Every structure is written in C-alpha cells, then in structure tokens.
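Student: Dropping a structure here in structure tokens format, bear with me for questions.
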Amino acid sequence: MTALEAPPTKTNSLVLTAPLSGLVVPIETVPDPVFAQKMVGDGVSIDPTSQVLLAPCDGDILQIHSASHAVTVRTAEGIEILMHIGLDTVALKSEGFTARVKVGDRVKSGDILIEFDADYVALHARSLLTQIVVTNSDRVAEFKPASGMVNAARNSILELVLVGETTGSVQESGPTVTSEAIVIPNPVGLHARPAAVLAQLAKQYQSAIRLHRGSNSANVRSVVAIMGLEIGRGDTVTLEATGADAAAAIADLSTALRDGLGEEGAAPVTVAAASVAQAEISAPAPRPKSDDPNIILGVAASPGVAVGNTYRQQRQALRVDETTDSPKDEHRKLDRAIDQAALEIESLRAKVHGQGDPSKAAIFAAHQELLADPELMDSATSTIDQGKSAAFAWQQTYTSQADQLARLKSELLAQRANDLRDVGDRVLRILTGVQAEALVLPANTILLAEDLTPSDMANLDPTRVVGFATVAGGATSHVAILARSMGIPAIAGIEPRILDLADGTSVILDGTKGRVRLNASVDELEQTQNRIVRQKAKQAKDLEHAFAPAITQDGQQIEVVANIGSQKDAEASLKVGGEGVGLLRTEFVFMEASSAPTEDEQEAIYAGILRVLGDRPMIIRTLDVGGDKPLPYLPMAHEENPFLGERGIRLGFDRPELMRTQFRAILKASTAGKARVMFPMIARMEELEMAKAVMEEERQKLGVPPIEIGIMVEVPAAAVSAERFAEQVDFFSIGTNDLTQYTLAMDRGHPKLAPYVDALNPSVLRMIDLTVRGADKHGKWVGVCGGMAGDPQAVPILMGLGVKELSVSVPVIPAVKAQVRALSYSHCQELAQQALNLDSAAQVRDLVPLEEL
C-alpha cells in the first residue's frame with residue numbers, strides 16, 4: 001500500500017472574525033510553551049474584554065471539552081479551529097463556563113459557543129488569554145493575524161491563505177506494533193497541552209499511529225481527535241502503530257505518555273496498582289527508638305504532661321459484600337451515603353466553629369472538599385459498573401488513594417491520608433448501616449491508638465481523656481493541630497510497642513518531650529501529679545493578675561498580645577489580659593469559604609475584630625497559603641518542594657486580583673480601629689517594594705489614612721538584610737516556626753529530625769539578634785509571633801535580645817505576662833549574650849531550667 005495522500009484543494013483564503021472583543025496578542029508571546037511554540041497549531045491569542053465566545057466562521061462543532069473551556073469548529077474547507085479560553089482552565093472542571101453548543105451542531109459566524117464568568121476565571125486560573133489556533137496548520141500556507149483592539153463578530157482577527165494541495169507522508173503499510181497498557185498520570189488527563197505534545201512527537205514518525213481508549217480511538221497526530229477521547233487521569237490507553245518505524249514510535253511515545261508528556265504534577269503510574277510513581281515514594285523516616293524498656297519515644301505533637309491509665313482504641317470491623325445484581329441501585333446508595341456524610345461533616349464543622357476556633361473548622365471544610373472529589377466518585381462509579389457493590393467500590397477507592405497519599409515524600413501531604421480515611425470511613429459506615437461506636441472512657445484516660453481521625457477528636461471528651469499517643473501521624477497532622485487547640489498533651493509517631501500495653505496501665509505521658517514513662521514508682525507518679533496540681537494553681541493565680549501590665553522588676557515593659565484567627569479568639573484574648581493582636585491569620589477567612597471571600601465579606605470580618613479590640617492594636621497578616629497549605633478553590637501547579645515554592649506574598653503577586661481585593665478590604669476596615677498590616681514570606685527587597693506599591697495605590701484610590709506596614713521575618717534572607725528592610729517598614733514580626741526550619745534546613749514535622757528543630761538553637765538566636773540590631777538602627781521595633789514567644793525557656797532570651805512584643809496563643813497570655821513581671825531585664829540581657837555564644841539548643845535551655853520557672 002502506498003503513502004496516503006490528502007485530497008487536492010483549491011488555493012483560497014478564509015477570514016475568521018473575532019470570537020471575543022479585546023486586544024490581539026501574538027501567539028508567540030503567550031506564557032505557555034505549548035501554545036507559544038505552536039505545538040497545538042498556529043494562530044493568535046486575545047486578551048478578552050467580553051465574556052461570550054462566538055463562532056469565528058461557519059462550520060460544524062467537532063469537539064467541545066468536558067470542562068467547557070475549549071471548543072473546535074471545522075469549516076467546509078476542512079480547517080479545524082480550536083478556541084481555548086484561558087490558561088490552565090481545564091483545572092476548573094467547567095466551573096465558570098457554560099457551553100451553548102454540542103458536538104455535531106452546525107453554527108454560523110457570530111453564533112454563541114460558550115459563555116464564561118470572566119471574573120471567576122481570572123481569579124481562579126493562570127490567565128484569561130484565549131487562544132484561536134488552527135490545529136491542522138499544515139493546511140494553511142500563510143497566517144495573517146490582526147493587531148490592536150478588535151470587536152467580537154465585527155472585526156477580522158485572522159486571515160488564512162490555504163494551501164493548493166497537501167501531500168501526507170503517513171504510511172499504512174509495514175508491521176503493526178501495539179504498546180502495553182498505559183495509565184495516564186496527568187492531573188486532568190489529556191487536555192490541549194499534553195495532547196499537543198503527543199501530536200508533535202507523533203509527527204516525527206512515518207508510521208500511522210492511533211491512540212485507543214476502550215472501543216474508541218484517535219489519530220495521534222490530531223490534537224482535536226485526542227481531546228475528543230476525553231481521556232482522564234488514571235484512564236488506561238494503548239498505542240498502535242503501522243509502518244517501518246512503528247517499533248521506535250511505540251517505544252518513544254509510550255515512555256512519553258507514562259511520564260506525563262512533560263506536564264507538572266504528572267508522575268508515572270503503574271497499571272497493576274495505579275500506584276504513585278516511585279519518584280514520589282520513599283520509605284518512612286526512622287522512628288525514634290528508646291533503649292530504655294521503660295521509656296517509649298515518639299514525636300511531640302501537643303505539649304503538656306499527663307498521668308493516667310491507658311486505654312487502647314479498637315477500630316470497628318465493617319462487613320462489606322463484594323458483588324451486586326443491580327448497579328443502578330448501588331449508584332443510588334452511594335449518592336445517598338455521600339449526601340448523608342456531607343450533612344454530618346457540616347454538622348461537625350458548625351460545632352467546632354461555634355467553639356470559636358477557625359483552624360478546627362477549616363479542617364472539616366477540607367473534609368467537605370475531599371468528599372466532593374470527582375476522582376473518588378469516578379473511580380467508585382466505574383467499579384460499581386463492573387458489578388461491585390457500592391460499599392465494596394467505595395472502600396476499594398478511598399483505601400487505595402489513601403495508601404498512595406501515605407507513601408508520598410512530603411510528610412505534610414502524607415499525613416493527609418488520615419483525613420481521606422476519615423472521610424471514607426464515614427461514608428462506608430453509612431453504606432453498611434453501622435453506627436459509629438461511642439467511646440465510653442473512664443476518667444484519667446491516656447488513649448492509645450494506631451491512629452486517630454479529626455472526627456475522633458471532635459467527639460473526644462477532654463474531661464476524661466488527659467492525653468493520647470498514636471503510632472501513626474506527626475506534629476503537622478490535623479489530629480495534632482486539634483490536640484493543641486484542645487490543650488490535650490499528645491504524642492504522634494510513637495513506637496508500636498505502645499499498643500502492647502494492657503488497658504489500665506499507669507503511665508506518665510509527656511507531650512512536650514514526646515515520651516511515655518512506664519513502670520514509674522509511686523513517688524514519681526505522685527511527684528508528677530503534684531507538679532500538675534501546682535501548674536493548675538499557678539494558672540489560676542496568673543489569670544487573677546492577667547490584666548496587670550507585663551513590666552519587669554527593673555521597669556522594662558513588654559507588650560503581650562494574641563495570635564488569633566477569628567473574632568471569637570479576639571474576644572477570648574481580652575478576657576485573659578491580651579493587650580492586642582500580634583497576628584491575625586487571615587488565611588482562616590479563606591479556608592472556611594467555598595470560594596474566595598469578597599472584599600465586603602473580608603472588610604466586615606476585619607472591622608468587626610478591630611471594633612472588639614477598641615484602641616488596642618491589631619496586626620493583620622495578608623494571605624499566607626501556598627502549595628503546603630492550599631485552598632481548594634485556588635488551583636496551583638504541583639511543586640516538588642512547596643515550602644520553597646509559591647507561598648505567602650509570592651502567591652499574591654501571581655494572583656494580583658486576590659491580593660488587591662484583600663488589600664482594599666484591610667484598608668477600608670482600618671478606619672474601625674488601630675490596624676497594622678504585615679506581608680508574609682518576604683525574602684527580597686523587590687517583593688516588599690512591590691507589595692507596598694500595590695497597597696499605596698489602593699489606599700490612594702480609597703482615600704483612607706496611611707497604615708503601618710511590617711514584614712514577617714521567617715526566612716534567613718530577611719534576617720540577614722534586616723537593616724536594609726528596616727528602612728522600608730514600621731516594624732518586624734519574627735515567625736520563629738518557619739525561621740527555625742529554614743535556618744536549620746529541617747522539616748519540623750519530620751519524625752526523625754523533629755527533636756532537633758528547636759528555636760533556641762544559637763543559629764536561630766543569631767538570626768533574631770541580627771533582626772533586632774537592624775531594626776534598632778532605624779528606630780523600629782521587633783515582635784515575635786511564632787511558637788517560641790510562648791515558650792517559658794525562650795521568653796527571657798527573647799527579651800534580652802531586645803524583642804518588644806510577644807504574640808502568643810490565647811491560653812498562655814496570663815502565664816507569659818506573669819513570667820515577664822518576675823524577670824529582671826538586665827539579667828535577661830546577660831542570658832541572651834551567653835546564649836549567642838553557645839553551641840546547641842540544649843545548652844541554651846540549660847541557662848533557663850524549667851525547675852526555676
């Protein structure tokens with residue numbers, strides 16, 4: 001058989017009218033290499049000012065993407081015109097888009113194809129730039145794009161001079177080679193970008209190549225045909241090639257498909273288990289292990305000491321039938337179970353929100369997002385269609401995905417597997433009709449478990465559970481966060497032998513040091529219990545004097561303020577002597593919402609807190625999220641190391657409308673009280689200058705008075721350059737949690753390294769000293785808002801270094817103020833100088849023994 005030839009065509013031209021109003025942009029300048037390098041095809045881009053996509057010519061609808069962000073029209077001449085609204089809009093999964101046509105429809109120039117919400121897309125996608133490209137560009141001899149502004153359906157945007165005759169060189173003769181099954185790893189499947197890369201690779205070969213998905217197939221050289229298969233993440237495909245170079249084509253294209261075609265966030269997936277790529281899998285970090293049989297070690301998850309009797313939690317065994325005779329009924333069962341689970345999670349979220357802790361409520365808001373994950377539903381639905389019961393399909397789906405998460409390198413992401421299991425277990429119990437067993441625990445219980453879930457924590461009775469230890473989890477898990485907010489001492493990642501202890505065993509659990517003491521003598525138990533009693537008595541005394549100012553014995557005043565996330569936190573802080581707010585974590589405002597909060601919504605929240613505080617100051621930290629703590633409605637590209645990626649102010653620069661909306665809300669609210677603002681993750685002077693410029697621009701538009709501006713010092717670069725930064729800011733606030741892990745290059749949630757991530761390490765203290773000295777040279781003040789500010793062994797060192805403000809969690813405000821009143825400032829200065837010349841955090845802590853506090 002000879003090479004195929006395309007039918008001859010007459011030389012003519014085709015004029016496309018503008019599908020949108022806006023500014024014409026050369027395709028080569030689009031900030032996406034797949035479009036800029038014309039892998040999809042040649043054409044133009046437009047920066048739209050309208051939000052209704054119109055047909056640029058007469059033709060038939062050849063393809064419309066399931067996410068409704070892209071559509072292809074084929075003209076009578078056979079020219080295929082792809083219109084792709086925005087960049088990375090496939091991740092929006094049709095949110096903000098409404099398709100007004102379907103495949104096979106015949107349209108006239110100017111007919112409505114897609115309507116979209118430009119504000120929503122601009123806020124949630126990388127760009128609104130809309131590409132108009134010819135996917136079979138080999139049929140076009142010359143492209144003549146317009147320039148400047150165009151009006152939809154009125155001006156031409158692109159003239160195409162078509163070729164007179166085209167000759168293909170695709171072979172259909174020769175050997176046929178078929179690939180092994182390939183699982184697609186791309187986060188949202190083979191959309192335009194990876195499809196274009198695959199098509200370009202295929203054009204390097206002479207063989208005829210087709211991509212098969214089930215009973216459907218497509219010519220691999222056609223981007224539109226590939227997209228028409230609607231291949232999603234996790235789908236299994238095969239390649240088939242016929243021709244002299246078929247073997248080489250299959251080998252290269254198979255490898256490219258398995259590797260994700262160069263797309264971010266795509267890791268190879270095996271067919272056997274559809275497991276996470278080996279590049280993303282790592283053996284768990286070695287656990288702390290004790291050589292003393294009477295000491296069991298783990299990771300400190302929530303501080304405090306407790307004496308009690310052990311109780312081992314046993315998980316309910318759920319019986320699941322595998323098969324069904326009616327998939328239709330099982331689909332309905334799953335839908336009802338998910339709806340019921342959603343109501344239960346919302347009830348839990350409302351319950352913890354009512355307790356005034358937005359960080360706890362945000363955890364259950366994240367559970368709601370997990371429950372709505374389309375990948376979970378798609379996988380479970382597919383399994384039901386194979387004759388499996390809803391319970392079996394759901395169990396297989398969520399346990400498999402949780403296991404994949406648990407194997408990820410990132411400790412933070414791996415610990416989210418527990419959240420997925422929590423959500424999955426809830427739905428499974430509903431499907432099997434099994435009620436969750438209520439834990440009836442005796443007083444003074446030390447709860448032991450393989451793992452606990454956020455739902456377990458929400459239902460825990462803190463009057464009976466005095467502490468807990470889990471074999472799984474870490475210091476950054478949601479369970480650990482909940483334990484700290486509830487004031488329950490806890491240990492995570494503890495040695496598994498803890499579960500061998502018989503119920504009722506008397507133990508001492510030290511959540512601060514991450515260890516459990518066994519076989520303590522009667523005297524040891526009595527001494528520990530007496531210490532706990534003395535601590536409670538001291539807490540009562542501190543609370544009694546909480547409203548007295550924090551002034552040292554020799555007259556140095558320290559401002560003691562609160563770290564908060566809500567108005568209820570602010571109200572609580574005033575009841576225990578708080579002198580203002582040193583950190584308002586505005587990310588909680590965003591985490592609790594299902595979409596980005598509006599300017600008015602944010603203004604009302606910030607102004608409400610300022611009115612509660614009266615004339616007391618409040619520092620508002622601008623949005624501090626990123627790859628390590630993402631927002632469900634804010635799509636972000638996969639980052640190999642999110643702690644060193646796009647987070648804090650860097651995210652604001654990438655999402656300018658999100659940043660400007662918050663800046664306007666803060667400025668408008670600032671008139672309600674004594675507001676200050678600070679920017680997170682500042683590492684370069686340019687970042688500070690850009691953020692200040694945007695803030696000033698918005699301030700002038702609103703006509704409100706200037707506001708004090710500071711930065712978080714949480715990376716070594718900011719501390720080292722503090723003297724230069726001090727010229728541009730009104731204050732510094734040191735985030736010691738991040739500053740410590742960045743200075744020591746250690747993840748504070750790492751089970752093996754966590755004991756060494758101590759903010760009293762002399763290297764960290766020298767960073768703080770640099771910051772204070774740099775600030776002093778320009779008459780600026782320094783506060784500390786990290787966990788170190790509430791550490792009784794750190795307080796005198798920080799004061800001695802010259803820190804003027806300590807911003808702490810609400811419950812410890814009275815204790816910190818009482819400690820300051822008992823100290824001599826001159827002695828603190830002596831301690832600080834000694835600490836700077838030591839070699840380890842342990843040596844520094846020896847300067848301030850806990851017994852003396």
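The values are calculated or read from the model by the stated rules, or taken from the named source; none is laboratory data. All of these numbers come straight from a predicted model, not from anything done at the bench. Quick reminder, even Gly has a Cβ in these numbers, built from the backbone with ideal geometry, and neighbours come from all protein chains shown. For the accessible areas, the whole protein counts, side chains as well, though only heavy atoms, and no ligand, DNA or RNA atoms are used. Shrake-Rupley method; radii C 1.70, N 1.55, O 1.52, S 1.80 Å.
Student: Only one residue in Val24, Val15 is open to solvent by 60 Å² or more (accessible area, probe 1.4 Å), outside any loop (DSSP other than H, G, I, E, B) and of a type in the set (A, V, I, L, M, F, W, C). Which one?
Tutor: Val15
Student: When you look at Gly110, is it surrounded by fewer than 21 Cβ atoms within 10 Å (Cβ to Cβ), touching a residue at least 24 places away in the same chain (Cβ under 8 Å) and out of contact with any helix residue (DSSP H, G or I) (no Cβ under 9 Å at 6 or more places or on another chain), yes or no?
Tutor: yes
Student: Sticking with this structure for a sec: Would you confirm whether or not the stretch 149-158 contains a residue that is modelled with pLDDT under 90, part of a strand (DSSP E or B), open to solvent by 30 Å² or more (accessible area, probe 1.4 Å) and over 30 Å from Met659 (Cβ atoms)?
Tutor: No, every residue in the stretch 149-158 fails to be modelled with pLDDT under 90, part of a strand (DSSP E or B), open to solvent by 30 Å² or more (accessible area, probe 1.4 Å) and over 30 Å from Met659 (Cβ atoms).
Student: Would you point out the residue of the stretch 121-140, among those that are closer than 16 Å to Asp60 by Cβ and in a loop (DSSP other than H, G, I, E, B), that is nearest to the chain's Cα centre (by Cα)?
Tutor: Thr135
Student: Which of the residues that make up the stretch 120-148 are free of Cβ contacts under 8 Å to residues at least 40 places away in the same chain and surrounded by fewer than 14 Cβ atoms within 10 Å (Cβ to Cβ)?
Tutor: Glu142, Lys144 - these are the residues of the stretch 120-148 that are free of Cβ contacts under 8 Å to residues at least 40 places away in the same chain and surrounded by fewer than 14 Cβ atoms within 10 Å (Cβ to Cβ).
Student: Has the stretch 678-693 got any residue that is in contact with a helix residue (DSSP H, G or I) (Cβ under 8 Å, 6 or more places away or on another chain), surrounded by 20 or more Cβ atoms within 10 Å (Cβ to Cβ) and more than 29 Å from Ala794 (Cβ to Cβ)?
Tutor: yes
Student: Please indicate, with yes or no, whether at least one residue in the stretch 722-739 is part of a loop (DSSP other than H, G, I, E, B), within 18 Å of Asp624 (Cβ to Cβ) and modelled with pLDDT of 95 or more.
Tutor: So far as the stretch 722-739 goes, yes, one or more of its residues are part of a loop (DSSP other than H, G, I, E, B), within 18 Å of Asp624 (Cβ to Cβ) and modelled with pLDDT of 95 or more.
Student: Output the helices (runs of 4 or more DSSP H) that fall wholly within the stretch 752-844 and possess 3 or more residues being out of contact with any His (no Cβ under 8 Å at 6 or more places or on another chain), without any contact (Cβ under 8 Å) to a residue 24 or more places away in the chain and of a type in the set (Asp, Glu), or say none.
Tutor: Those helices (runs of 4 or more DSSP H) do not exist here; none qualify.
Student: Right, here's the next one. For the stretch 709-743, which residues satisfy the criterion of being β-branched (Val, Ile, Thr), out of contact with any strand residue (DSSP E or B) (no Cβ under 9 Å at 6 or more places or on another chain) and open to solvent by less than 20 Å² (accessible area, probe 1.4 Å)?
Tutor: The answer is Val715, Thr740.
Student: Given the conditions (1) touching a residue at least 24 places away in the same chain (Cβ under 8 Å); (2) assigned to a helix (DSSP H, G or I); (3) open to solvent by 40 Å² or more (accessible area, probe 1.4 Å); (4) closer than 29 Å to Ser455 by Cα, report the number of the one that Ala570 does not fulfil.
Tutor: Answer for Ala570: the failing condition is (3).
Student: If you don't mind, there's one more thing I want to ask. Kindly check whether there is at least one residue in the stretch 701-708 that is in contact with a Phe, Trp or Tyr (Cβ under 9 Å, 6 or more places away or on another chain) and either open to solvent by 60 Å² or more (accessible area, probe 1.4 Å) or hydroxyl-bearing (Ser, Thr, Tyr) (or both).
Tutor: Within the stretch 701-708 (the criterion being in contact with a Phe, Trp or Tyr (Cβ under 9 Å, 6 or more places away or on another chain) and either open to solvent by 60 Å² or more (accessible area, probe 1.4 Å) or hydroxyl-bearing (Ser, Thr, Tyr) (or both)), the answer is yes, since at least one residue qualifies.
Student: Another question about this same structure. Has the stretch 5-12 got at least one residue that is β-branched (Val, Ile, Thr), closer than 25 Å to Gly148 by Cβ and either part of a strand (DSSP E or B) or modelled with pLDDT under 90 (or both)? So that I can check it myself, show each step before the final result.
Tutor: Filtering the stretch 5-12 down to residues β-branched (Val, Ile, Thr) leaves 9, 11.
Those still in the list that are closer than 25 Å to Gly148 by Cβ too: none.
Within the stretch 5-12 (the criterion being β-branched (Val, Ile, Thr), closer than 25 Å to Gly148 by Cβ and either part of a strand (DSSP E or B) or modelled with pLDDT under 90 (or both)), the answer is no, since none of the residues qualifies.
Student: Here is a further query. Exactly one condition in (1) surrounded by fewer than 19 Cβ atoms within 10 Å (Cβ to Cβ); (2) farther than 17 Å from Pro792 by Cα; (3) in contact (Cβ under 8 Å) with a residue 12 or more places away in the chain is false for Leu543; which is it?
Tutor: With respect to (1) surrounded by fewer than 19 Cβ atoms within 10 Å (Cβ to Cβ); (2) farther than 17 Å from Pro792 by Cα; (3) in contact (Cβ under 8 Å) with a residue 12 or more places away in the chain, Leu543 is out only on (2).
Student: Could you identify the single residue in Gly234, Gly189 that is among the small types (Gly, Ala, Ser), out of contact with any strand residue (DSSP E or B) (no Cβ under 9 Å at 6 or more places or on another chain) and part of a loop (DSSP other than H, G, I, E, B)? Working first, answer last.
Tutor: On the way: Gly234 fails: out of contact with any strand residue (DSSP E or B) (no Cβ under 9 Å at 6 or more places or on another chain).
It is Gly189.
Student: Across the stretch 615-645, which residue is modelled with the highest pLDDT among those that are part of a loop (DSSP other than H, G, I, E, B) and more than 30 Å from Ala570 (Cα to Cα)?
Tutor: Gly645
Student: Take Thr29 and decide whether it is at pLDDT 90 or above, surrounded by fewer than 22 Cβ atoms within 10 Å (Cβ to Cβ) and either of a type in the set (Lys, Arg) or closer than 23 Å to Ser147 by Cβ (or both).
Tutor: No; evaluated as a whole, the condition is false for this residue.
Student: For Pro796, are the conditions met, namely being within 21 Å of Gln553 (Cβ to Cβ), touching a helix residue (DSSP H, G or I) at 6+ places or on another chain (Cβ under 8 Å) and modelled with pLDDT under 95?
Tutor: Working: within 21 Å of Gln553 (Cβ to Cβ): yes; touching a helix residue (DSSP H, G or I) at 6+ places or on another chain (Cβ under 8 Å): yes; modelled with pLDDT under 95: no.
So Pro796 fails the test.
Student: Can I ask one more? How many residues, within the stretch 548-567, are out of contact with any Ser or Thr (no Cβ under 9 Å at 6 or more places or on another chain) and open to solvent by less than 10 Å² (accessible area, probe 1.4 Å)?
Tutor: Total meeting the criteria: 1.
Student: Just to be sure before I move on: is Glu330 in a helix (DSSP H, G or I) and at pLDDT below 85 in the structure I sent?
Tutor: Against the criterion (in a helix (DSSP H, G or I) and at pLDDT below 85), Glu330 does not qualify.
Student: Also, quick follow-up: Would you say Ala91 is more than 23 Å from Ser222 (Cα to Cα), in contact (Cβ under 8 Å) with a residue 24 or more places away in the chain and surrounded by 17 or more Cβ atoms within 10 Å (Cβ to Cβ)? Outline the logic, then answer.
Tutor: Details: more than 23 Å from Ser222 (Cα to Cα): no; in contact (Cβ under 8 Å) with a residue 24 or more places away in the chain: yes; surrounded by 17 or more Cβ atoms within 10 Å (Cβ to Cβ): yes.
When the stated conditions are applied, Ala91 does not pass them.
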